[in-house]
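Accompanying notes for the structure given below.
We did not get these values from a lab; they are worked out from the coordinates using the rules stated. The shown structure was predicted, so the numbers you read here are calculated from the model rather than taken from an experiment. Heads up, the Cβs are rebuilt from the backbone with ideal geometry, glycines too, and the neighbour counts pull from every protein chain shown.
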Ligand SMILES: NC(=O)c1ccc[n+]([C@@H]2O[C@H](COP(=O)([O-])OP(=O)(O)OC[C@H]3O[C@@H](n4cnc5c(N)ncnc54)[C@H](O)[C@@H]3O)[C@@H](O)[C@H]2O)c1
C-alpha cells in the first residue's frame, strides 16, 4: 500500500562541519552588517535568530504519529554559528561597525554592545566600476591591467582568507548592477577568460567575484538580481570545480508574500485580473535602484514570479489577461524600513470582481539577514555533500530566491510551500531518511 513516507535511502557521504567556516561577503552594506551583527548577538545569547530556518526550523522524520521533529541544525551537519568567521569587500573603507551605523538598521545600543567585534572586520578593496552601478562612486577599489587581473586579485584574497579557516562560502550582498543580458562571452570558461583579458563590457564586477570563487571550488550565492551565476560559464565552472550555485535575489518582502498569495488563488481557481505592486524605500539600495538601469534588473526579477506560479497557458480563463506592474520609489525618510503596497484585483464565481490590499511595513535587512545566513550554511553543507556539490545548481534552495536557478529548459518552482517541501525532502534524502509525500492513507488502514 502507498504510504505517506517513502523512499528511505542511504545517507550520503557528508564531510563533517569541523573547524571554521569563512564567510566572505561582497558588499558590506545594510544586509551584510545586519547579518554579521546578528550572528554575533545570537552567539552572545542576547538575541534570537528569528527568521532563520536553519536555526529555528524543525523537520519531521517518519510518520506523524512518531512525534519525531528535531531542529534542522541538530539533524543535518551544519556549521555551528560559533565556527562562522566573517570578512568581505566593499568600495568604501568603513569597518562593519561604521557601515552598520550608517545603514541604521540596528539600534545604536545594540551595536555598542558588540562594537569592538564589528570594528575589527574591515573590508578589502573591491572590484568595482561605476558603469555597472551608476549611483555609487567607490574609493576603496582594486586596480588592474584588465578584468582577468582583477579576478586574480580576488582569487588571491580568497586563498589568503581560506588559509586561516577550514572552508569558505562567498555571498554577494553588493548593490544591484545595471541590467545585462548574456552574450557569447558567457558561453564557456574559455570565452569568459578571453573576455576578461579583453575587458569585455558584458562582464560585470559581480561576475568577476563569482568566477574567482567558483574557480577555487567555493560556493557562491547572489543576493541581488544581477546577471552573475545564471550563465552557462558559471554553471560549467560550478560543475567542474564542485562549487554549488543557486538562484539570485533574496526573496524577502513583497515577493515573499506574492509567492504565498498567488499559489492560494490558483489553488482555489480564483482569477487574477491585475496585480499592482509599489514600494517606497530610503536606504542605499533604494538610491541605487532609483537609477533606471539598476531598477530594470530588479524589475525583471520581481516580475517573473507570477507567470510561473499562475501558469496562464494552463489556465487562460483565469490568468491570461493579468496586468502585472512593479514600481520602486526612492523615499529617503523611510531608510531601511520599506513599505510594500499591493493592490490585487481578483475575480471569482461567474467572474465577479473582488480586491485585496496588502500593505507590508517591513524592514528590508531584518528580513534578508536570516536568509543570507541560511544560504551560507546550506551552501556549505552542499559543498560537503558530493551528491549535491557535483550537480552544480542547488534547486532545493529555491525557497530563498526571487529568481531560483534551474537546469536549462526547466521552469523554476516559485510556490513557497512547494519550495519548502523540496528543501526538507532534500535534507531527508541526503541524510537517508524517508521522504514525506503527505499521502497519509496508512493512518486509515
Ligand atoms: N534587503 C533586502 O530585503 C534585499 C532583498 C533582495 C535583494 N537585496 C539586494 O541585496 C543587495 C544588498 O542590499 P543592501 O540593502 O545591503 O544594500 P546596501 O547599499 O546597503 O549595500 C550594498 C553594499 O555593496 C557595496 N558595493 C557595491 N558594489 C560593490 C562591488 N562591486 N564590490 C564590493 N562592494 C560593492 C556598496 O558600497 C554597499 O556598501 C542589493 O543588491 C539589494 O537589491 C536586498
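Across all Cα pairs in the stretch 254-361, the calculated P(r) in 10 Å bins from zero up to the longest distance comes to 14, 44, 28, 13, 1 percent per bin. Averaging the Cα positions of each part gives two centres, and for the stretch 101-129 and the stretch 219-294 these lie 26 Å apart. Among 233-239, 419-425, sorting by the average number of other beta carbon atoms lying within 10 angstrom of each residue, highest first, gives 233-239, 419-425. Between residue 162 and residue 407, the FRET efficiency from the beta-carbon distance, with R0 = 22 Å, is close to 0.15.
Listed by Cβ neighbour count within 10 Å, with the fewest neighbours leading, 276, 352 appear as 352, 276.
For the chain, averaging the sequence separation of C-alpha pairs within contact (under 8 Å, six or more residues apart) and dividing by the residue count gives a relative contact order of 23 percent. Each principal axis of the Cα cloud of the chain was evaluated for its coordinate range; sorted largest first, these ranges are 67, 51, 48 Å. Taken along the Cα-to-beta-carbon direction at a fixed 7 Å, the label points for residue 152 and residue 357 span 6.0 nm. For the chain, the antiparallel share of DSSP beta bridges with both residues in that region comes to about 45%.
Using only the C-alpha atoms, the convex hull of the stretch 212-290 corresponds to 147 Å³ per residue.
Label separation (residue 82 vs residue 188): 5.0 nm, computed from points 7 Å beyond Cα along the C-beta direction. For the stretch 52-162, taking Cα atoms only, Rg and Dmax work out to 20.2, 64 Å respectively.
For the stretch 302-445, the C-alpha radius of gyration sits at 1.33 times the compact-globule guess of 2.2 N^0.38 Å, with N the residue count. By the equivalent-ellipsoid construction on the alpha carbon gyration tensor, the stretch 370-445 comes out with semi-axes of 23, 16, 13 Å, ordered largest to smallest.
If R0 equals 30 Å, the separation of the Cβ atoms of residue 268 and residue 66 corresponds to a calculated FRET efficiency of about 0.40. If R0 equals 35 Å, the separation of the Cβ atoms of residue 140 and residue 15 corresponds to a calculated FRET efficiency of about 0.50.
Neighbour counting of Cβ atoms within 10 Å sorts the residues 349, 396, 341, fewest neighbours leading, into 349, 341, 396. Per-residue packing, averaged as other Cβ atoms within 10 Å, sorts the ranges 92-98, 12-18, 219-225, 406-412 into the order 219-225, 92-98, 12-18, 406-412, beginning with the highest. Ranked by the mean number of other Cβ atoms within 10 Å of their residues, highest first, the peptides 302-313, 29-40, 355-366 come out as 29-40, 302-313, 355-366.
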